[in-house]
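The values are calculated or read from the model by the stated rules, or taken from the named source; none is laboratory data. Bear in mind the structure is a predicted one, so any value in this text is a computation, not a measurement. Virtual Cβ from ideal backbone geometry, glycine too; neighbours counted across all protein chains shown. Heads up: the accessible areas ignore ligands, DNA and RNA and are worked out on the full protein's heavy atoms, side chains in. Shrake-Rupley method; radii C 1.70, N 1.55, O 1.52, S 1.80 Å.
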Amino acid sequence: QVQLVESGGGLVQAGGSLRLSCVASGTIFRFDRMAWSRQAPGKQRELVAGITSDGSTNYEDSVKGRFTISRDNAKNTVYLQIDSLKPEDTAVYYCSTRKRGFTYWGRGTQVTVSS
(Lines give C-alpha, C1' and ligand atoms only; values in the text may rest on other atoms or scores of the structure.)
Protein backbone atom coordinates (compact mmCIF):
# COMPACT_ATOMS: atom_id res chain seq x y z
CA GLN A 1 0.00 0.00 0.00
CA VAL A 2 1.39 3.36 -1.03
CA GLN A 3 1.83 5.83 1.81
CA LEU A 4 3.01 9.42 1.56
CA VAL A 5 3.97 11.48 4.60
CA GLU A 6 4.65 15.20 4.31
CA SER A 7 6.57 17.35 6.78
CA GLY A 8 8.35 20.67 6.99
CA GLY A 9 5.47 23.10 7.10
CA GLY A 10 5.17 25.89 9.63
CA LEU A 11 4.59 29.56 10.30
CA VAL A 12 7.01 31.88 8.54
CA GLN A 13 7.23 35.56 7.73
CA ALA A 14 6.81 36.83 4.19
CA GLY A 15 10.11 36.64 2.33
CA GLY A 16 11.24 33.56 4.21
CA SER A 17 11.86 30.02 2.97
CA LEU A 18 10.74 26.52 3.77
CA ARG A 19 11.66 23.07 2.53
CA LEU A 20 8.87 20.56 2.52
CA SER A 21 9.57 16.83 2.45
CA CYS A 22 7.45 13.87 1.45
CA VAL A 23 8.55 10.32 2.24
CA ALA A 24 7.01 7.53 0.20
CA SER A 25 6.62 3.87 1.17
CA GLY A 26 4.98 0.85 -0.39
CA THR A 27 6.19 1.75 -3.86
CA ILE A 28 9.26 1.52 -6.08
CA PHE A 29 9.85 5.21 -5.67
CA ARG A 30 12.48 5.71 -8.34
CA PHE A 31 9.94 4.86 -11.03
CA ASP A 32 7.27 7.21 -9.72
CA ARG A 33 6.26 10.57 -11.04
CA MET A 34 5.66 12.78 -8.00
CA ALA A 35 3.81 16.05 -7.53
CA TRP A 36 3.13 18.76 -4.99
CA SER A 37 -0.25 20.47 -4.77
CA ARG A 38 -1.72 22.99 -2.36
CA GLN A 39 -5.12 23.96 -1.09
CA ALA A 40 -5.78 27.37 0.39
CA PRO A 41 -8.82 28.02 2.61
CA GLY A 42 -11.97 28.22 0.51
CA LYS A 43 -10.16 27.31 -2.70
CA GLN A 44 -9.73 24.22 -4.82
CA ARG A 45 -6.59 22.14 -4.63
CA GLU A 46 -4.08 23.20 -7.29
CA LEU A 47 -1.04 21.44 -8.69
CA VAL A 48 2.09 23.53 -8.19
CA ALA A 49 5.02 21.29 -9.21
CA GLY A 50 5.80 17.88 -10.65
CA ILE A 51 8.88 15.76 -11.19
CA THR A 52 9.30 12.68 -13.36
CA SER A 53 11.30 9.57 -12.59
CA ASP A 54 14.22 10.94 -14.62
CA GLY A 55 14.15 14.30 -12.82
CA SER A 56 12.34 16.48 -15.34
CA THR A 57 10.32 19.17 -13.59
CA ASN A 58 7.35 21.38 -14.32
CA TYR A 59 5.74 24.24 -12.37
CA GLU A 60 2.53 26.16 -12.21
CA ASP A 61 3.18 29.63 -13.67
CA SER A 62 2.58 31.57 -10.46
CA VAL A 63 5.33 29.72 -8.57
CA LYS A 64 8.04 29.57 -11.23
CA GLY A 65 11.29 30.98 -9.94
CA ARG A 66 10.31 30.58 -6.26
CA PHE A 67 9.46 26.88 -5.95
CA THR A 68 11.91 24.06 -6.65
CA ILE A 69 10.92 20.41 -6.68
CA SER A 70 13.57 17.74 -6.31
CA ARG A 71 13.89 14.11 -5.32
CA ASP A 72 16.28 11.77 -3.55
CA ASN A 73 15.57 8.23 -4.70
CA ALA A 74 17.92 6.75 -2.09
CA LYS A 75 15.68 8.25 0.61
CA ASN A 76 12.32 7.73 -1.17
CA THR A 77 11.78 11.44 -0.68
CA VAL A 78 10.53 14.31 -2.77
CA TYR A 79 11.16 17.89 -1.69
CA LEU A 80 9.62 21.26 -2.35
CA GLN A 81 11.86 24.25 -1.67
CA ILE A 82 9.80 27.42 -1.35
CA ASP A 83 11.63 30.75 -1.38
CA SER A 84 10.42 34.35 -1.14
CA LEU A 85 7.25 33.20 0.58
CA LYS A 86 4.16 35.35 0.16
CA PRO A 87 0.98 35.45 2.28
CA GLU A 88 -0.90 33.99 -0.70
CA ASP A 89 1.25 30.86 -0.41
CA THR A 90 -0.62 30.02 2.79
CA ALA A 91 -2.17 26.60 2.25
CA VAL A 92 -1.99 22.94 3.08
CA TYR A 93 0.62 21.35 0.84
CA TYR A 94 0.17 17.78 -0.36
CA CYS A 95 2.37 15.39 -2.26
CA SER A 96 0.90 12.81 -4.56
CA THR A 97 1.66 10.07 -7.03
CA ARG A 98 -0.54 8.33 -9.56
CA LYS A 99 -0.49 4.61 -10.22
CA ARG A 100 -2.77 2.59 -12.51
CA GLY A 101 -5.36 5.34 -12.65
CA PHE A 102 -5.45 6.04 -8.92
CA THR A 103 -3.96 9.07 -7.19
CA TYR A 104 -2.40 8.60 -3.78
CA TRP A 105 -2.24 11.61 -1.46
CA GLY A 106 -0.52 12.34 1.79
CA ARG A 107 -2.30 14.09 4.65
CA GLY A 108 -0.57 17.37 3.95
CA THR A 109 1.52 19.88 5.84
CA GLN A 110 0.33 23.38 6.73
CA VAL A 111 2.27 26.40 5.51
CA THR A 112 1.24 29.76 6.96
CA VAL A 113 2.90 32.96 5.80
CA SER A 114 2.48 36.11 7.86
CA SER A 115 2.78 39.55 6.31
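Quick notes on this one:
- Counting only residues that are within 17 Å of Trp105 (Cα to Cα), of a type outside the set (S, T, N, Q) and surrounded by 14 or more Cβ atoms within 10 Å (Cβ to Cβ), the range 8-35 holds 11 of them.
- Summed over the range 65-91, the residues that are in contact (Cβ under 8 Å) with a residue 60 or more places away in the chain and out of contact with any helix residue (DSSP H, G or I) (no Cβ under 9 Å at 6 or more places or on another chain) give a count of 8.
- For the residues Gly55, Gly65, the requirement of being among the small types (Gly, Ala, Ser), more than 14 Å from Phe29 (Cα to Cα) and not in a strand (DSSP E or B) singles out Gly65.
- Among the conditions (1) over 11 Å from the mean Cα position of the chain (by Cα); (2) within 12 Å of Thr97 (Cα to Cα); (3) modelled with pLDDT of 95 or more, Asp32 misses just one, which is (3).
- Annotation: of all residues in the range 93-107 being free of Cβ contacts under 8 Å to residues at least 60 places away in the same chain and under 16 Å from Ser37 (Cβ atoms), the one that is most open to solvent (accessible area, probe 1.4 Å) is Phe102.
- Filter result (assigned to a strand (DSSP E or B) and either open to solvent by 30 Å² or more (accessible area, probe 1.4 Å) or within 11 Å of Ser21 (Cβ to Cβ) (or both)) within the range 68-92: Thr68, Ser70, Arg71, Asp72, Thr77, Val78, Tyr79, Leu80, Gln81, Val92
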